[in-house]
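Take a look at the structure below.
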Amino acid sequence: DRVLRLDPALPFGDARDLDLLPNTLPPQRHLGYAVQWFGLALTVLVVALVLERRRRRSVAL
């Protein structure tokens with residue numbers, strides 16, 4: 001439950017808005033979205049493999 005903030009007095013980098021937004025997602029939500037997207041990517045991979053296997057099988061006949 002800590003937030004690391006950059007020092008606004010440092011001369012390099014972009015302008016920093018150091019106020020936390022009230023609608024910032026908690027880490028649990030970020031983890032949930034990561035799991036959701038990896039699941040979607042895995043599903044797309046499996047579907048692509050199945051379709052490729054069917055295509056190769058039909059070409060071989």
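Filter the range 1-29 for residues that are surrounded by 10 or more Cβ atoms within 10 Å (Cβ to Cβ) and not basic (K, R); which is modelled with the highest pLDDT?
L25
Please list, ordered by first then second residue, the pairs with beta carbon atoms under 9 Å, 6 or more apart or interchain, first in the range 14-36 and assigned to a helix (DSSP H, G or I), second modelled with pLDDT of 85 or more.
Taking only residues 6 or more apart or on different chains, not a single pair turns up.
The values are calculated or read from the model by the stated rules, or taken from the named source; none is laboratory data. Bear in mind the structure is a predicted one, so any value in this text is a computation, not a measurement. Glycine gets a Cβ as well: all are built from the backbone with ideal geometry, and neighbour counts include every protein chain shown.
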